[in-house]
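Notes to accompany the following structure.
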Amino acid sequence: MGVRTGRGDARRIHVVMAAVAAAALLGGCSVGVPDPAATSNRPVSSGPGTPTITPGHDAGAVAARDMPFAAGATLAHGVPVGLSEDLAKAPQWKQVVSNAGGASRYQKSDGCQVAAEVRQNQWPLVAADDRASTAALFAYLDPTVLPAYLTSASLRWGGERGKPGPAVDVLVLERAAKPADQKAGRATAVLARVFGTAGSSVYVSAACPTAAALAAAREDIAQWLTVVPPG
């Protein structure tokens, strides 16, 4: 599942992210990086989180602990991160696209739609640490998105659904639906994380008819959609 490259893909990504800024549906987004020359394994300059785990030597220990932004360097270099498709099992949800080029789509009976995508070879986005790299992803997709617009949240980091387990930090960009007297819009949220050492990115977008529906969809995402630690 390599990164998609090319100017056409870059234009498509930019158009989709611009739709986020307008509170439009994000179902077709992509997080490929259109830089065919940037294929080298670019290192992460930040130090490992606490506790220190030697990358690539104890994957089970890494998977058993929370994955805050500061701990991204504890992952093995270049070993992919994954994303589950368990949202399809959640009540009122169905999967309409299954892992097509790394992307899956889901629909809920109340009109919410979710697109979930994982990409590899994301080295051109790698910055000082995973938080900075994730902010760089948002800025790449839409230069008008400033770090101050982003809030923090978490998704499941492996573990067993329905039981307490470790969490992984993500950044969130949320847009409210437009007032009823304006042109119809949708409440949207984008959750993303770049794993600099692993060279992976996870990108989840949700679009719903109302803010209340979006809040419920985000709860479902947090409960059912799992970021899969590298093995």
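Being farther than 14 Å from residue 90 by Cβ and either in a loop (DSSP other than H, G, I, E, B) or among the aromatic types (Phe, Trp, Tyr) (or both) is the filter here, so list the residues in region 192-231 that pass it.
Residues satisfying the conditions are 195, 196, 197, 198, 199, 203, 209, 210, 229, 230, 231.
Among the residues of region 77-103, which ones are touching a strand residue (DSSP E or B) at 6+ places or on another chain (Cβ under 6 Å) and open to solvent by less than 10 Å² (accessible area, probe 1.4 Å)?
81, 87, 102, listed by residue number.
Hey, does region 183-201 have a residue that's basic (Lys, Arg), touching an Asp or Glu at 6+ places or on another chain (Cβ under 8 Å) and in contact (Cβ under 8 Å) with a residue 24 or more places away in the chain? Give the derivation first.
Pass one, region 183-201, residues basic (Lys, Arg): 183, 186, 193.
Now narrow it down to the ones that are touching an Asp or Glu at 6+ places or on another chain (Cβ under 8 Å): 193.
Still in the list and also in contact (Cβ under 8 Å) with a residue 24 or more places away in the chain: 193.
Yes, because at least one residue in region 183-201 is basic (Lys, Arg), touching an Asp or Glu at 6+ places or on another chain (Cβ under 8 Å) and in contact (Cβ under 8 Å) with a residue 24 or more places away in the chain.
Are any residues in region 77-103 among the acidic types (Asp, Glu) and in contact with a Phe, Trp or Tyr (Cβ under 6 Å, 6 or more places away or on another chain), and if so, which ones?
Within region 77-103, 86 is the sole residue that qualifies.
Give the residues of region 88-115 that are among the hydroxyl-bearing types (Ser, Thr, Tyr), over 11 Å from residue 221 (Cα atoms) and touching a helix residue (DSSP H, G or I) at 6+ places or on another chain (Cβ under 9 Å), sorted by residue number.
98, 104
Return a yes/no flag: does region 166-176 have any residue that is crowded, with 23+ Cβ neighbours inside 10 Å and at pLDDT below 95.
no
The values are calculated or read from the model by the stated rules, or taken from the named source; none is laboratory data. For clarity, every value in this text was computed on a predicted model and none was experimentally measured. Cβ: placed from backbone, ideal geometry, glycine included. Neighbour counts: every protein chain shown. In case anyone asks, the SASA skips ligands and DNA or RNA and just uses the protein heavy atoms, side chains included. Shrake-Rupley method; radii C 1.70, N 1.55, O 1.52, S 1.80 Å.
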